[in-house]
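Asker: Below is the structure I would like to discuss, written out as C-alpha cells.
The values are calculated or read from the model by the stated rules, or taken from the named source; none is laboratory data. What you see is a predicted model, and the numbers here were worked out from it, not measured in a lab. Cβ atoms come from the backbone with ideal geometry, glycine included; neighbour counts cover every protein chain shown. Just so you know, the surface numbers come from the protein's heavy atoms only, side chains and all, with ligands and any DNA or RNA stripped out. Shrake-Rupley method; radii C 1.70, N 1.55, O 1.52, S 1.80 Å.
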Amino acid sequence: MQSALIQQPKLRLSLIALACQLACVGVVHAQETTTASDAQPTRQVIITGKKIGMGLMVTEDAPKARSTVTAEELEKQRPTGNAYEALEMLPSVNSYNHDATGLFGGGLTLRGFNSDQIGATINGVPVNDSGSFSVYPQEYVDQENTCSQFVTQGSTDVDSPQVGATGGNFGIVTCNPENTQRWRVMQTLGQLNSYKTFVRFDSGKFADNRSKFFISASKAQADKWKGEGKAKREHIDAGFNYDWDKFNYIHATILWNEAKNHSINNLTLTELNNFGYYYDTTSVYPTQPTPVRGTAQNAVVPSPLYYGLYLNPFKNAIASAEAKFRLNDDLTLKIVPYFWYGFGNGGLQQKLAYESPRREGTRTNATFMDPATTTLTGNVDLNGDGDTLDTVIMANASVTNTKRPGLTSSLTWNYGDHQILGGFWWERARHRQTGTMVPVTAEGNPVDVYLEDQAVTRSDGSLYQSRDWNTISTAYQAFIQDTISFADNKGQINIGIRTPFIERDFTNYRSEANLRPTYNITKKYKDILPQLGARYRVTNDDQFFASIAKNMKAPPNFVFSNVGSNVSVVNGVATLRGDVKEETSYNTDIGYRHQDNKFIATVTVFNVDFRNRQATAFDPITNTSSYTNAGKVSTRGFELEAGNTPINGWAFYGSFGYTDSEIKNDLQVSATASLPTAGKEMPLTPKLKAGLSAEYQTGAFWARVKAKATSKQAATLVNDEWAPGYTTYGFDAGYTFANFGMFKRPKLTVNVSNITNKQYRNPSSQSVNNTTQFPGVNPGTLRYYLGAPRFASVTLSVDI
C-alpha cells in the first residue's frame with residue numbers, strides 16, 4: 001500500500017517560547033501495511049503521520065501547568081477566528097465569541113481569572129490595555145500568521161512584562177518568513193454575507209542568504225447575527241528576519257489593524273425574557289424635525305438604540321523586534337524594543353443633547369458646561385437654527401488614544417548545571433481618554449466615526465468632553481531566575497523573583513463629567529513576587545511537576561475617576577479610598593505528565609488564594625466602568641488533558657476542568673449596608689468545563705467533530721442570578737488537492753459551528769453585585785453576551 005503522506009505547514013516557532021517544548025514531539029509517516037502469511041492478509045494497526053494531540057497538545061517540560069496550541073490546529077479553524085477561540089478546547093479555559101466569525105471579539109476566563117487578570121503577549125510584547133488591562137483578541141494578528149498560542153494557567157512567566165496579571169498568561173507567537181519565495185492566497189466565504197480575503201508574500205532568503213521577509217494583507221466582513229450592522233476589518237502583518245546564525249539574529253514584526261464594527265446589543269435577563277433572543281438595535285432612524293429659529297424642536301429618539309449609532313471603530317499597531325546575540329558559549333543577550341499605538345472609541349454613540357438646560361418634570365437635563373461658571377448651564381446651538389431651544393441627536397462616545405513604547409532586555413548565562421536568566425522591562429504608556437461629540441447625518445450616521453471632524457465646542461470654543469482623562473503609566477520590572485538541573489537532567493528546579501512596579505499619574509480635567517476643579521492622583525504600586533517550580537522525570541515518559549508563585553495586578557486607571565465610590569475629593573484634593581489596592585494571588589500547581597510517542601496526558605491540581613480580588617466591568621450602554629474589591633477569594637480544582645497520535649487515522653483530544661471558587665468576605669457597599677457574598681461563587685467561574693475532539697484522517701482528507709461543555713456559572717457576586725450551562729458542537733473538514741502547475745497545495749476547508757443552534761449566554765462582567773433588592777442596596781444592571789446560532793463557512797487556500 002502507498003504511504004499516505006500528508007503535507008503540513010512547517011512550524012517555525014519562536015526559539016525563545018516553544019523550541020524546547022516541540023523538540024520532543026515525535027513525527028512518523030502515515031502508512032498501512034499488509035503482510036502475507038499462508039496467503040491470508042493480516043491487517044496491522046500502526047501509528048499514522050500526524051503529531052500527538054493534533055495541534056491541541058505538545059509535549060511540555062516546564063515545571064508548571066502549561067498548554068499549547070500549534071499551527072496544525074489553527075489552520076483547521078475558521079480563518080476569521082480570534083485568539084480566544086483558538087484556546088476554547090483547553091482545560092479550565094472558558095472562552096466565547098460575540099459572534100460565530102470572531103470579528104466582533106469575545107471573552108475569556110481561565111480558572112475563574114477574567115481576561116483583564118491574565119497577562120497577554122504577542123512575540124513577547126504586552127497587549128493588555130495599559131489602563132484597564134482589557135484584551136481585545138480580534139485586533140492583534142491574522143490567524144493565518146499565527147504559529148502557536150500558549151497558556152500558563154497559574155504562574156506568570158518570570159520574564160513576562162506584566163503589572164496586571166494575577167492569573168497566569170497567554171501568548172501568541174507569529175510565524176517567521178519562509179525560506180523560499182512563496183505567495184499564499186486564501187478566500188473564505190460564509191453565511192451572513194461574510195468573507196475574508198488573505199494574501200501573503202514571502203520573499204525567501206535573498207542577498208547574503210541571511211535576510212528574508214513576509215508581508216500579508218487581509219480584508220474581512222460579516223453581518224451581525226441579529227439586527228442590522230456588520231463588522232469590517234482590514235489588517236496588515238509584516239515580518240523581517242536577519243539571521244547571522246541560529247544564535248545571533250534580529251526578527252522584527254509590524255502588525256496593523258483597523259476595524260469598524262456595529263455593536264451587538266447585549267441584553268439583560270429582563271430584556272431577554274420580554275423581547276426574545278434576537279432582540280437588538282433598530283434599523284430605522286426616525287426623521288428629525290426641521291430646525292426653525294425661535295421655536296423648540298425636540299429630537300425623535302430611536303428606541304431601541306439605532307444600529308448606526310452603536311459603533312466600535314478602532315485602529316492599532318504593534319511594532320517590535322527581537323534581537324538575540326550570543327556573547328560567548330555560555331552567555332546570550334536578548335533585547336525586545338516595541339511600540340504600541342491605539343486609537344478609537346467604543347460603547348453607545350447615540351446621545352440626546354440639550355442645547356440649553358431644560359426642566360422636565362422634577363429633573364433638569366443639561367448637556368454643556370458653562371466655562372465661566374463651571375456648571376451645567378451652557379448654551380450651544382447644535383442644529384444651526386440660531387437659537388438654543390432644541391434637543392438634538394448627536395454622536396458621542398469614550399475615545400481612547402494610546403502611545404506606548406517599551407523595552408525588555410535579558411541575559412541568559414549557562415554555568416554548570418545552572419541556567420540563570422536575568423533582565424529588566426520598562427514601559428511608559430500615555431493613555432488619553434476623552435469624550436468628544438459630533439453631528440449626525442439625516443440618515444443617522446456620525447459625520448466621523450472617530451468623533452474628530454466637526455467636533456462640537458462650548459461657548460468659549462473649547463471642546464465638549466463627556467470625559468477628559470490623561471493617564472501616564474510608567475512601569476518597570478527586574479527579574480531573575482535560576483534553573484537548576486540535577487540527576488542527569490531528570491530533575492529541574494526553577495527559583496525566580498520579579499519586582500513589578502507601576503506609577504499611575506492620573507489627571508481628571510474639568511469637563512461635563514467632572515465639574516470639580518481639575519485634580520491629579522499619582523499612585524505607585526509595587527511588589528516582590530517570588531516563584532518556585534520543580535519537575536522530575538520518573539521515567540523517560542513520566543514526570544511530576546509542582547510550582548508556587550505570587551502574582552500581582554495593579555488597579556485599573558478608571559478607578560481614579562470614580563468620585564464618590566473609589567475617590568474622595570475634599571477641598572479640591574483627591575484621595576483614593578482604602579479598598580483601591582493591588583490584587584495579589586498565590587498560585588499553586590501540582591501535576592503529573594505522561595508523554596510517549598503515542599499518547600500524552602497531563603493531570604494538574606491547583607489552588608489560588610486571592611487578596612483584594614478585583615472585579616471590574618464596562619457597561620457600553622451607560623459608558624461607565626466599575627470596580628469592586630471583592631476581598632479574599634479562594635479557588636481550587638483540577639485539570640485533565642490528553643491526546644493521542646492517530647491510529648488507523650483516528651485521533652482524539654480531551655480536556656476536563658473542575659474549578660471551585662469561594663468568596664471569603666461579605667461585601668461592604670456603604671457605611672450602613674453590606675451584601676452577603678461570603679461563601680458565594682465568583683461570577684464567570686463555571687465549576688465544570690470539558691472539551692472533546694475526534695478526528696479522522698485518510699490520505700489528503702480529514703474531518704473532525706468537537707464538543708465544548710460549560711456548566712452553569714454565577715452571574716453576580718451574591719449569586720442571585722445564574723447563567724445556565726450549555727454544550728456546543730462543531731464540525732471541521734478539509735481536503736488537500738494535488739499540485740496543479742504553478743498552484744501548490746490547494747486546500748478546501750469547511751467549518752460549521754454551533755451545529756445544534758444552541759442558545760446560551762455568558763455574563764458580561766464579574767463586578768455586578770446583585771440584581772435583586774437587598775436592604776439598603778439597590779439592584780444593579782447585568783448584561784449577557786449571547787451565543788451566535790449555527791454558522792457555516794468554506795475556505796480555499798493555494799500557494800504559488
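Asker: Given axes a ≥ b ≥ c from the Cα gyration tensor, I'd like to know whether the stretch 657-800 is rounded (a/c under 1.5), prolate (a/b larger than b/c) or oblate. Walk me through the intermediate numbers first.
Answerer: Values: a/c = 3.87, a/b = 3.21, b/c = 1.20.
Taking the square roots of the gyration eigenvalues as a ≥ b ≥ c, the stretch 657-800 is prolate.
Asker: Okay, moving on. Which whole-Hz ³J(HN,Hα) couplings does the stretch 304-310 yield from phi under the Karplus relation 6.51 cos²θ - 1.76 cosθ + 1.60, θ = phi - 60°, glycine and proline marked x?
Answerer: Listing the rounded values in order: x, 4, 7, 4, x, 10, 10 Hz.
Asker: Would you kindly derive the ³J(HN,Hα) couplings of the stretch 667-683 from the backbone phi angles with the Karplus curve 6.51 cos²θ - 1.76 cosθ + 1.60 (θ = phi - 60°), listing them in order in whole Hz, with x for Gly and Pro?
Answerer: 9, 7, 9, 7, 5, 10, 10, 9, 10, x, 8, 4, x, 8, 8, 6, x
Asker: Determine the calculated [θ] at 222 nm for the chain from helices alone, applying -39500 (n - 2.57) to every DSSP H run no shorter than 4 residues and normalising by the residue count; nearest 500 deg cm²/dmol. Could you put the intermediate results ahead of the total?
Answerer: Numbers: 4 runs with 19 residues, N = 800.
-500 deg cm²/dmol, from helical runs alone.
Asker: Just in the stretch 150-258: which GluC sites (Glu not before Pro) are loop by DSSP and have at most 16 other Cβ atoms within 10 Å?
Answerer: Values: sites: 178, 228, 234, 258; in loops: 178, 228.
Passing sites in the stretch 150-258 are 228.
Asker: Over 18 Å between Cα atoms: which of 526/664; 246/334; 226/351; 76/260; 232/315 fall into that group?
Answerer: Numbers: 526/664 25 Å; 246/334 13 Å; 226/351 23 Å; 76/260 27 Å; 232/315 12 Å.
Where the Cα-Cα span goes over 18 Å, the pairs concerned are 526/664; 226/351; 76/260.
Asker: Ok, one more. What percentages, rounded to whole numbers, describe P(r) for the stretch 283-357 computed over all alpha carbon pairs with 5 Å bin width beginning at zero?
Answerer: With 5 Å bins starting at 0, P(r) equals 3, 11, 12, 11, 10, 9, 7, 6, 6, 5, 5, 5, 4, 4, 2, 1, 0.
Asker: Taking the dipole about the Cα centre of the stretch 80-156, with the C-beta of Lys and Arg at +1 and of Asp and Glu at -1, give me whichever of 149, 100, 114 is farthest to the positive side.
Answerer: In the stretch 80-156, that residue is 114.
Asker: Turning to a different aspect of this structure: Could you report the chain's accessible area per residue, 1.4 Å probe, as an integer in Å²? Provide the component values of the computation, followed by the final result.
Answerer: Working: 31450 Å² over 800 residues.
Using a 1.4 Å probe on heavy atoms only, each residue of the chain averages 39 Å².
Asker: What dipole magnitude, in Debye to the nearest 20, does the stretch 689-786 give about its Cα centre under +1 on Lys/Arg Cβ and -1 on Asp/Glu Cβ? Walk me through the numbers before you get to the answer.
Answerer: Working: 11 positive and 4 negative charges, 81 e Å.
Dipole of the stretch 689-786, to the nearest 20 debye: 380 debye.
Asker: Between residue 520 and residue 731, take the C-beta separation as r, use R0 = 51 Å, and let me know the FRET efficiency to the nearest 0.05.
Answerer: Values: r = 56 Å, r/R0 = 1.09.
Once rounded, the FRET efficiency stands at 0.35.
Asker: A further question on this structure: What length, rounded to one decimal in nm, is gained on full extension from residue 672 through to residue 510, with 0.36 nm per residue of separation minus their alpha-carbon distance? Please report the intermediate quantities before stating the final value.
Answerer: Numbers: separation 162, 0.36 × 162 = 58.32 nm, distance 3.13 nm.
The span from residue 672 to residue 510 would gain 55.2 nm if fully extended.
Asker: Restricting things to alpha carbons, tell me how big the stretch 509-574 is in terms of Rg and Dmax, in Å.
Answerer: When restricted to the Cα atoms of the stretch 509-574, Rg and Dmax are 22.8, 69 Å.
Asker: Step by step: find N for the stretch 465-619, compute 2.2 N^0.38 Å, then divide the Cα radius of gyration by it. What's the final number? Working shown, then result.
Answerer: Working: Rg = 22.4 Å, N = 155, 2.2 N^0.38 = 15.0 Å.
Relative to the rule-of-thumb radius for its length, the stretch 465-619 sits at 1.50.
Asker: Lysines within cross-link reach of residue 490: Cα-Cα under 17 Å, excluding same-chain residues under 8 positions apart?
Answerer: In chain and number order, the partners are 64.
Asker: Over all directions, the average projected area of the alpha-carbon convex hull for the stretch 70-127 comes to how many nm²?
Answerer: Numbers: hull surface 17.3 nm².
So the mean shadow area of the Cα hull is 4.3 nm².
Asker: Only Lys, Arg, Asp and Glu count, each charged at its Cβ (+1, +1, -1, -1), so figure out the dipole size of the chain about its Cα centre, rounded to 20 debye.
Answerer: Details: 76 positive and 73 negative charges, 87 e Å.
Using Cβ point charges on Lys, Arg, Asp and Glu, the chain gives about 420 debye.
Asker: Could you compute the FRET efficiency for residue 283 and residue 430, with r as their C-beta to C-beta distance and R0 at 41 Å, rounded to 0.05? Show your work: numbers first, answer last.
Answerer: Details: r = 39 Å, r/R0 = 0.95.
After rounding, the FRET efficiency stands at 0.60.
Asker: Where in the stretch 436-456 does the amide nitrogen come within less than 18 Å of the point 7 Å from the Cα of residue 232, taken along Cα to Cβ?
Answerer: 440-453
Asker: Sticking to Cα atoms, compute the Rg of the stretch 258-389 to one decimal and its Dmax as the biggest Cα-Cα distance, whole number, in Å.
Answerer: Taking only Cα atoms of the stretch 258-389, I get Rg and Dmax of 24.8, 84 Å.
Asker: Please list, or write none, the aspartates and glutamates whose alpha carbon is within less than 16 Å of the alpha carbon of residue 324, excluding same-chain residues fewer than 8 places away.
Answerer: Partners within reach: 159, 243, 245.
Asker: Taking H placed 1.01 Å from N in the peptide plane, check which residues at least 5 places from residue 684 or on another chain put their amide H under 5 Å from its amide H.
Answerer: The answer is 714.
Asker: Right, next: Rounded to the nearest 0.05, what FRET efficiency do residue 250 and residue 362 have when you use their Cβ-Cβ distance and R0 = 56 Å? Please report the intermediate quantities before stating the final value.
Answerer: Working: r = 67 Å, r/R0 = 1.19.
Efficiency, rounded to the nearest 0.05: 0.25.
Asker: Also: Taking the simple approach of a point 7 Å from Cα along Cα-to-Cβ for both residue 333 and residue 742, what is their distance in nm?
Answerer: My value for the distance between the label points is 4.6 nm.
Asker: Taking the Cα atoms of the stretch 44-172, what is the range of coordinates along each of the three principal axes, in descending order and whole Å?
Answerer: 59, 36, 25
Asker: Okay, moving on. Quick check: residue separation of residue 370 and residue 562 times 0.36 nm, minus the Cα distance between them. What number comes out in nm? Intermediate values should be presented prior to the final figure.
Answerer: Values: separation 192, 0.36 × 192 = 69.12 nm, distance 2.25 nm.
Stretched fully, the residue 370-residue 562 segment lengthens by 66.9 nm.
Asker: Per residue of the stretch 168-179, what does 6.51 cos²θ - 1.76 cosθ + 1.60 with θ = phi - 60° give for ³J(HN,Hα)? Whole Hz please, x for Gly and Pro, Karplus curve as stated.
Answerer: For the stretch 168-179, the Karplus curve yields x, 8, 10, x, 10, 10, 7, 6, 6, x, 6, 6 Hz.
Asker: Summarise the accessible area of the chain (1.4 Å probe, protein heavy atoms) by the percent that is carbon and sulfur.
Answerer: 56
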